[in-house]
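The structure under discussion appears below in the form of structure tokens.
The values are calculated or read from the model by the stated rules, or taken from the named source; none is laboratory data. Nothing here was measured: the structure is a model prediction, and the numbers come from that model. Heads up, the Cβs are rebuilt from the backbone with ideal geometry, glycines too, and the neighbour counts pull from every protein chain shown. What goes into the accessible areas is simple: the full protein's heavy atoms, side chains included, and nothing from ligands, DNA or RNA. Shrake-Rupley method; radii C 1.70, N 1.55, O 1.52, S 1.80 Å.
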Amino acid sequence: MNYIYNQLLEFNMDITWAGYLSLIIMVLFILFVCIIANFISKKVVIRVITKIVQNTKFRWDDMLLERKVFHKLSHIVPAIIIYFFAFAFPESFQNLIQKVSIAYLIIMGLVIINSALNAMNDIYQTYEVSRTKPIKGYIQVVKIIIITLGIIMVIANLIGKSPLLLLSGIGALSAVFMLVFRDSLLGLVAGIQLSTNDMVQVGDWIEMPKYGADGDIIDISLNTVKVQNFDKTITMIPSYALISDSFINWRGMQTSGGRRIKRSLFIDKNSISFCTEEMINNFKNIHYLSDYVTLRESEIAEYNTRNKINHSNRVNGRALTNIGVFRAYISNYLRHHPGINQDMTLMVRQLAPTENGLPLEIYAFTNDTQWAVYETVQADIFDHLFAVAAEFGIQLFQNPTGNDFKKIVDVWVK
């Protein structure tokens, strides 16, 4: 700068104007050099790095490129140039320029580290272990620590004090930090517990009515767990809520290979009766019942003969009932159904009678856990049972409808 100032004085320029003009020229020169350096960094160096990265077989360097880590590194060059050109300015400006340059370098360093940590998370998510052990929450904690330290360094640099002096004052502000970072601290503790106990993973179907969540987890971060509900809405749940509150994780069902059917047919108790000879002969022609009816007839006849049962009254001894045969039919039907998992619990049972009839519950598992397939299998089973119930003399219970009352009125009118 002194060289420029002296050259301007040789042209008989006023001393004051020469000082101002030399300063402007120096600033423009440094700006020009920074632009050239930035241009070379972005248009030449970054392009070369991009081509090298694209030609490698590694995936991690592509992640760094996608997060623009190399692009952000190019912003450091102008700051370094300004820092080293600070000596060319008057002493009153040198210290300020150097402090601003260092502050800018620290800030850009934080930006680069932030992008590098994001790239690290992206790289980690390419591995299968990321589903069971997500590290996004831990990376966010590291970001908070690094950004906090970076801000302290920037402030210490600008005021010309040691960072250790500022760090010592943080102890007095610990209560404030606890309040400000309360959710982050709770989220960190919750994240460790969730990961250690393998409570949730990305892709798990969870149900948490308190927060209106019923869907798949699509992201686990430091403070929140993001759930995409089945209606495609997004529910954000605080991470610590999964520790303090109860929720249902359907992962066990998804990995078991079977999804439970637990639904009842309500039988009109007035339609339950002993089987007649005609009914028994008809049952023998039903594919899933022929062997059962023959075997039961033989057992009943042997029992009644052995115990000298009086056949004049059907109450005496043992006899087939339509509800018992119907229950046996449902059980055999399910055991031959291609959509039912035969290796898991399968039973047809009676529950306690209610004012709505006798519940005949089906307890079984489908062999496919997909929602649409599960509903189709369940609907097919009950479609069939509703249709065949009448073949056993069984009437299903239903509260009277308007059509029922209309039929009664029609009968009375006639």
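Looking at (1) over 54 Å from the mean Cα position of the chain (by Cα); (2) open to solvent by 30 Å² or more (accessible area, probe 1.4 Å), find the lone condition where I300 falls short.
Only one criterion is unmet by I300, namely (2).
So, in the stretch 387-414, exactly how many residues are in contact with a Leu (Cβ under 7 Å, 6 or more places away or on another chain) and part of a helix (DSSP H, G or I)? Don't jump to the end; show me each part of the working.
Kept after step one, since they are in contact with a Leu (Cβ under 7 Å, 6 or more places away or on another chain), are these residues of the stretch 387-414: 389, 396.
Okay, now just the ones that are also part of a helix (DSSP H, G or I), so 389.
Of the residues in the stretch 387-414, 1 are in contact with a Leu (Cβ under 7 Å, 6 or more places away or on another chain) and part of a helix (DSSP H, G or I).
Which one of the conditions (1) part of a helix (DSSP H, G or I); (2) surrounded by fewer than 17 Cβ atoms within 10 Å (Cβ to Cβ) does A328 fail to meet, given that it meets all the rest?
A328 satisfies all of (1) part of a helix (DSSP H, G or I); (2) surrounded by fewer than 17 Cβ atoms within 10 Å (Cβ to Cβ) except (2).
Quick one: how many residues across the stretch 225-245 are among the hydrophobic types (A, V, I, L, M, F, W, C), part of a strand (DSSP E or B) and open to solvent by less than 60 Å² (accessible area, probe 1.4 Å)?
Filtering the stretch 225-245 for residues among the hydrophobic types (A, V, I, L, M, F, W, C) gives 225, 227, 230, 234, 236-237, 241-243.
Filter again for part of a strand (DSSP E or B), leaving 225, 227, 234, 236-237.
Subset that is open to solvent by less than 60 Å² (accessible area, probe 1.4 Å): 225, 227, 237.
Result for the stretch 225-245: 3.
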